[in-house]
Amino acid sequence: MFRKLLTIASQPIRPRVSSLLHQTRFLANQKPAESASVIYKPPHDVHETDEEFDNRYYQYFSRPDIDGWEIRKALNELMGMDLIPEPRIIEAAFRACRRVNDHSLCVRYLEAVKWKADNHDKDIYPYLLQELKPVMEELGISSPADLGYDKPELALRNPDFY
Amino acid sequence: MSIFHLRPALQREILHFLRSKGHLKASTASYYEYKDVIGNREIVGFGNDGQPFYFDRLNKPFPAIRFKEDTSEMLALKEKEKGDWKLLSNEEKKQLYRHSYCRTYAELTAPTGNWKQVIAGILGIMSITLLVVAAERTYIYPPLPESMNPENTKRFMKFALFNRIDEFDGYASKWDYEKNCWKK
């Protein structure tokens, strides 16, 4: 206890300034972190090329221990971006779906990509199908058209309105 | 900035930590909290906002939960799905699809015919308004004043032209007094 009091007494008396000023001074005196120990960069500082983006998603889907939560999250995020992913990314996603044993994920994503691409350009989806044909044949994935999902199959009243 | 900007290994570490500590309630669905609402349906993903509810959104193809509950037949089919997908028939694939999702994109984007109801509603409201106006004219308002007859209107026009009333905007401005005809 006395030692603690002594240490307090030995310290110079700091003037009480506003905490905000303290914080700014603290921040100003900080050294920039080393590149190896940086755990994140804010998104506005990241200048990612298209190739790096593709590789990132390709590696994400190629991870052997990926689970369904991660696949869905990434595919939902890809749907929210202003792009249609490269065929090799979709291929990696399909292989990930194979690893988590969910066939309908592939069908649903193909439908979603068709909806998104057709709003923009009708040629994109046939090109994707042509590029993905080897994987789909290898894994036994049916396209939405094979299952008859290119046309409405069942009718449902919108539960919000009735 | 979210943890999804971190590298994946760190993401997983943080997620596992938070899940174990019971934080991150908004984004990691707890089965027991929503059991009354979603029943025994399996929570499979993040969905739209992390809440474990089913909704078919066109821009978010993968909802947080499956559409149907697991039955014994479905579990058998899922066991079969773990094998080669070429052995699955189209019917079984469709069954699996409908187990996870309610409506296909073709069904979601199919025209509903709702525009007919909208137009019918608009026309109905307009016709009711017209009926009300007609009823007011016949039963409530007094007849129009005599000066609004066609005959009396013409008389006023002559009067206005003769006396050059309202030379800039009215009837007199349209009349050419030199040639004695309407201006062209």
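The values are calculated or read from the model by the stated rules, or taken from the named source; none is laboratory data. Values in this document were obtained by computation on a predicted structure and should not be read as measured data. Backbone-built Cβ (ideal geometry, glycine too); neighbour counts: all protein chains shown. These accessible areas exclude ligands, DNA and RNA; they are computed on the full protein's heavy atoms, side chains included. Shrake-Rupley method; radii C 1.70, N 1.55, O 1.52, S 1.80 Å.
Contact map, the range B:57-72: residues that are in contact (Cβ under 8 Å) with a residue 40 or more places away in the chain paired with residues that are open to solvent by 60 Å² or more (accessible area, probe 1.4 Å), Cβ distance under 8 Å, separation 6+ or inter-chain. Pairs shown: B:Leu58/A:Trp115; B:Leu58/B:Thr109. In the range A:72-86, which residue that is open to solvent by less than 50 Å² (accessible area, probe 1.4 Å) and facing chain B (nearest Cβ under 8 Å) is farthest from A:His103 (Cα to Cα)? So, considering only residues that are open to solvent by less than 50 Å² (accessible area, probe 1.4 Å) and facing chain B (nearest Cβ under 8 Å), the one farthest from A:His103 (Cα to Cα) is A:Met79. Against the criterion of being out of contact with any strand residue (DSSP E or B) (no Cβ under 8 Å at 6 or more places or on another chain), modelled with pLDDT of 95 or more and more than 27 Å from A:Glu52 (Cβ to Cβ), A:Val107 qualifies. With the structure loaded, tell me whether B:Phe55 is touching a Pro at 6+ places or on another chain (Cβ under 7 Å), within 13 Å of another protein chain (Cβ to nearest Cβ) and open to solvent by 40 Å² or more (accessible area, probe 1.4 Å) or whether it fails that test. So B:Phe55 passes the test. Annotation: of all residues in the range B:74-105 being part of a loop (DSSP other than H, G, I, E, B) and at the interface with chain A (Cβ under 8 Å from one of its Cβ atoms), the one that is most open to solvent (accessible area, probe 1.4 Å) is B:Lys82.
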